[in-house]
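Single-structure report; data block below.
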Amino acid sequence: MTERLYYHDSYLDRFDAHAVECAGTTIYLDRTAFYPTSGGQPFDLGSIAGVSVRDVIDEGDRIAHLLEAPIAPGPVECSIDWTRRFDHMQQHTGQHLISAVFEELFHLRTVSFHLGAESSTIDLEGGVVDARVLVAVEERVNAIVWENRPVAVTYEEAASVQGLRKASEREGTLRIVAIDRLDRSACGGTHVRSTGEIGAVLLRKVEKVRQTVRVEFLCGGRAVRRAHADYDALSRVAQLFSSALNDAPAVVAAQMEAARGADKLRRKLELDLAAYQGRELYQNTAPGPDGLRRAVRRATSGSLDELRALAQNFTAQSQAVFVATLAAPPSVLLATSADSGVDAGQRLKAALAEAGGRGGGTARMAQGSVPDAAALERATSLLLRTRDLVEDDLS
Ligand SMILES: [Zn+2]
């Protein structure tokens, strides 16, 4: 059974121990200050006999240390990565504090906790966490940090324990982590000795996850780094819009509104232009012996959709047939005026049936695709039937 030194002293970052069992790179010590992943808190890093620790696993009675390389049994010097451990202590004690205040102010119970690499989250049962709730909890939490209340660890019997924020399912002796005059929780984690060491607490994103509300939080060093990163991001936005930091949201909103207006105008101008081009093309297209004006537009790339407005405007006039082709992917479009006597949908279907393609549309406008260039030529000539055409090659 491994003696857990971190239970009694979470500030112990260097210790001597005996490697009692070495199975490859998995090492068991007689006693350890390495915290194994449990209760939402990740494992510690550091070194044992100068070899880096990769993982620490709680196996119940014993704690397994996974090393980068094997070591020999016997006495070993161990050291914990203190920066990582202290960060975990700030986040974990911060979590107890935040959970206690959510419960104290709004009766919102914490159902789970996750300590992540960047930020951490708690999941609250039910309820609504809006901006007002978040600000109230954040203020109260930071006020208790400033009061620098003691955080103490005691051991009590499960049968007679009282006043726990969350009932424990464990039996026998419980490890109780208490924040003075606020919270008592059964917990095996490593904690700071007073709330002042948690440092600034920042509550951030709130999202609904199934039946719970997930609240993101950062404590101490993480809160400061995150606040700075947020400042950098907002500064870049403000710089792009040549605005003061506080004005950035309003300036961005105004610019987006202006962009939407410009987009609307551009679409209108495109339609106006297509109307002019349609009329101009119609005037420059001589009628065939049958009185129909036929125009062909050939595009090599892009989309036939870009030619639809032109087709519509050309065939909005009397006795008009408009064919557009696209080389890649090979496709055709046929538009006809109401008085042309040509049903675009039927004509296209018939042409594609012969040329080996597929498509369809209405009596005035139809579109389809063919397998290759030869089929495209065949379909085009079938759609036009006669040869006296004005051709406008587009590339
Ligand atoms: Zn805990």
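Every number in this text was worked out from the coordinates using simple rules, so none of it is lab data. The structure presented is a predicted model; accordingly, all values stated were derived computationally and were not measured. Cβ: placed from backbone, ideal geometry, glycine included. Neighbour counts: every protein chain shown.
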Close pairs (8 angstrom Cβ cut-off, 6 or more residues apart or separate chains): touching a residue at least 12 places away in the same chain (Cβ under 8 Å) and of a type outside the set (Phe, Trp, Tyr) in the range 100-117, assigned to a loop (DSSP other than H, G, I, E, B) and more than 16 Å from the ligand (Cβ to nearest atom) anywhere: His107/Gly127; Leu108/Gly126; Leu108/Gly127; Leu108/Val129
Hits in the range 283-316 (condition: touching a residue at least 60 places away in the same chain (Cβ under 8 Å) and small (Gly, Ala, Ser)): Ala286, Gly288, Ala295, Ala299
Residue check for Glu377: part of a helix (DSSP H, G or I), of a type in the set (Asp, Glu) and more than 30 Å from Arg267 (Cα to Cα): yes
Scope the range 73-102; condition of a type in the set (D, E, K, R) and either surrounded by 16 or more Cβ atoms within 10 Å (Cβ to Cβ) or within 16 Å of the ligand (Cβ to nearest atom) (or both); matching residues: Asp81, Arg85, Asp87
Residue in the range 218-246 that is nearest to the ligand (Cβ to nearest atom), counting only those that are assigned to a loop (DSSP other than H, G, I, E, B) and surrounded by 12 or more Cβ atoms within 10 Å (Cβ to Cβ): Gly220
When residues of the range 14-55 are limited to those that are free of Cβ contacts under 8 Å to residues at least 40 places away in the same chain and under 30 Å from the mean Cα position of the chain (by Cα), the one farthest from the ligand (Cβ to nearest atom): Arg54
Given (1) buried (at least 18 other Cβ atoms within 10 Å of the Cβ); (2) in a loop (DSSP other than H, G, I, E, B), number of the condition His65 does not satisfy: (2)
Wholly enclosed strands (runs of 3 or more DSSP E) of the range 153-217 bearing at least 2 residues free of Cβ contacts under 8 Å to residues at least 40 places away in the same chain and within 16 Å of the ligand (Cβ to nearest atom): 173-179, 183-186
